[in-house]
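Reviewing the structure listed below.
The values are calculated or read from the model by the stated rules, or taken from the named source; none is laboratory data. Note that the structure is a prediction, hence the values are computed from the model and not measured. Reconstructed Cβ throughout: ideal geometry from the backbone, glycine too, with neighbour counts over all protein chains shown.
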Amino acid sequence: MLPRHRVIGLGIMLLLLLVAPPFLSSFLLTLLTQALIYGILAMSLDLILGYTGLASLGHAAYLGLGAYSVGVLTTRHGANFWVTLAVGLLLAAVVAAVFGLVALRATGVYFLMITLALGMVIWGLAHRWVSMTQGDIGISGVPRPDLGLPWSLAKGIPFYYFSLAGFLLALWVLWVVVRSPFGQSLVGIRESESRMRTLGYHVWLHKYIGFIIAGTVGGFSGVLWGYYNGFVSPADVELATSVEILLMVALGGRATLLGPALGAGVIVLLKNLVSVYTHRWLLILGAVYIGTIVYAPEGIVGAVRQFAKGVKPEPLRSKA
Amino acid sequence: MSDAPALALSLSGVSKAFGGLRALDGVDVQVRPGERRAIIGPNGAGKTTLFSLISGEQPPTEGRITLFGRDVTRFPPHRRAALGLARTYQITNLFPRLTVLENCLLAVQALGPTKLHLHRALSRYPALFERARSALDSVGLNGKEGETVRNLSHGEQRQLEIALALAGVPKLLLLDEPTAGLSPAESHLMTALLKKLDPAITILVIEHDMDVAFELTNRVTVLHFGKVIADGLGEEVKANPLVQEIYLGTEYAGDAGR
């Protein structure tokens, strides 16, 4: 069971997310919607980065797979939401299953490099497979989904609630997984792979399943992203996006699920507000990254927890 | 199979080379079920390497390893664990940022089907918690359940090492220097704890402290530069001049022989 003060805190946050929209400008509502969708993606990365200890630099690939599924199927075949959702999830799962076979042969920085390369493969496809993806031009004119609801999802507020529902669904799925015996095994692998092996765990299999779940949930965020943006292009799957997701997880706090979602919110807001004043957004991003690593290695959630316990943050240390 | 029960462990002609260095060289060891066997030898004799070959963490360069009559030479560690093998580490190898109970739960669920369950919370498996608590009780760590492992004393971490190995109810237990770094008092407690273990468990123990080794076991295998140089009952091995030379220095062996 969760402690009472956390239940109350989470309840207040949820309430704010539920009642805020009518009071927000349409610009802020748009950003909040973006934050929710990126929040799903960041939480899915947290499953392998935070819980399992595998830093992937190719996670934007799954956003792209979901988004391109929507783009291609809606504009060419007039597919409805459920078809695009099914195809997007399945495609992300299958690609994660294939990529996992390659990437999980390595650990540490080698895993990072391989996932980076695999992410670039997806970017290359988006860029060069013009007959399917329209290359650099991207796919525009993606309609908002029609679920037969009384509210049109073409409008900002209904689509916000639609995204919020998707966010809560993804949060629930990942929450159940990380608290399960399987989820605990991922944490064990992060802490000591060798001990897990001799205890009797087929470590590779656990990582592989985790990797596929993370990819699939990432694909889900991509489906929402495609509908939200109405436009899909190689920019969605480029390296910078993968780096941003990694930063969202680190900034919010690894292995906390809601931390990365919070990190996604902060990054999305910063990115959009800062870029009003300067083009040097990446410079700010880098500064935030360094600041996080040095001053709050456990992220926002970690810093808040330590503050609540009244202890000083631990100094920067290398992970054993 | 024959009428005699299969050997708990058998190594035949097992070698392990790291480049040009032969850490183990043609090792033959047979261990009967229920036996308590000490592996002794000077630093660098290949004792820990021997354990990692038995547990499957490293593949042997040559030779054959069987567990309970099954050839496991090519088995990965988790399949050997499934046959009833457990080990502890000389350099404590735990899950330092998890609690004592969480450590033990990971060990308890390791050999069951529930480790792949991902649809409901671990806290909904009371049987696992019961077994984890009883493993902690058996090593005297009850009351420390909620402590984070890295905040435990070294002695307590050594106890937890044993608890993790026992949690899977092993048939063959490899203990790599269970008393390493313990104070004499702690070492005494650890020895008492190990002596109380179920006699049905076959135990191999690497031990530098000869008193502990002879107290826990009746048979001793001596490794030196990767080779077995003596193998037998404790007293026989103690009387072996070669062993005396290695352990007590040539002067002593010379004196004894004069």
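Points worth noting:
- Complete set of residues in region A:250-284 that are outside any helix (DSSP H, G or I) and among the aliphatic types (A, V, I, L, M): A:A255, A:L257
- Residues located in region B:1-56, provided they are among the basic types (K, R) and out of contact with any Gly (no Cβ under 8 Å at 6 or more places or on another chain): B:R32, B:R36, B:R37
- Condition met for B:R80 (out of contact with any Lys or Arg (no Cβ under 8 Å at 6 or more places or on another chain), buried (at least 21 other Cβ atoms within 10 Å of the Cβ) and within 21 Å of B:K171 (Cα to Cα)): yes
- Scope region A:104-149; condition of a type in the set (F, W, Y) and either in contact (Cβ under 8 Å) with a residue 12 or more places away in the chain or outside any helix (DSSP H, G or I) (or both); matching residues: A:F111, A:W123, A:W129
- You will find that of A:V249, A:V173, A:V177, A:V217, the residue that is among the hydrophobic types (A, V, I, L, M, F, W, C), within 14 Å of chain B (Cβ to nearest Cβ) and surrounded by 24 or more Cβ atoms within 10 Å (Cβ to Cβ) is A:V217 and no other.
- Residue check, A:G66 closer than 12 Å to A:T216 by Cβ and crowded, with 20+ Cβ neighbours inside 10 Å: yes
- Restricted to region B:83-126, and to residues there that are more than 13 Å from B:A167 (Cβ to Cβ) and part of a helix (DSSP H, G or I), the residue that is farthest from the chain's Cα centre (by Cα) is B:R124.
- Members of region B:109-124 that are surrounded by 16 or more Cβ atoms within 10 Å (Cβ to Cβ) and more than 7 Å from chain A (Cβ to nearest Cβ): B:G112
- Some residue of region A:56-79 being over 18 Å from A:I212 (Cα atoms), modelled with pLDDT of 95 or more and within 19 Å of the chain's Cα centre (by Cα): yes
- Every residue from region A:194-212 that is more than 10 Å from every other protein chain (Cβ to nearest Cβ) and either touching a Cys at 6+ places or on another chain (Cβ under 7 Å) or surrounded by fewer than 22 Cβ atoms within 10 Å (Cβ to Cβ) (or both): A:Y208, A:I212
- Leading residue by the ranking (farthest from B:V14 (Cα to Cα)) among those in region B:198-215 that are buried (at least 19 other Cβ atoms within 10 Å of the Cβ) and modelled with pLDDT under 90: B:V212
- Some residue of region A:154-163 being modelled with pLDDT under 95, more than 14 Å from every other protein chain (Cβ to nearest Cβ) and outside any helix (DSSP H, G or I): yes
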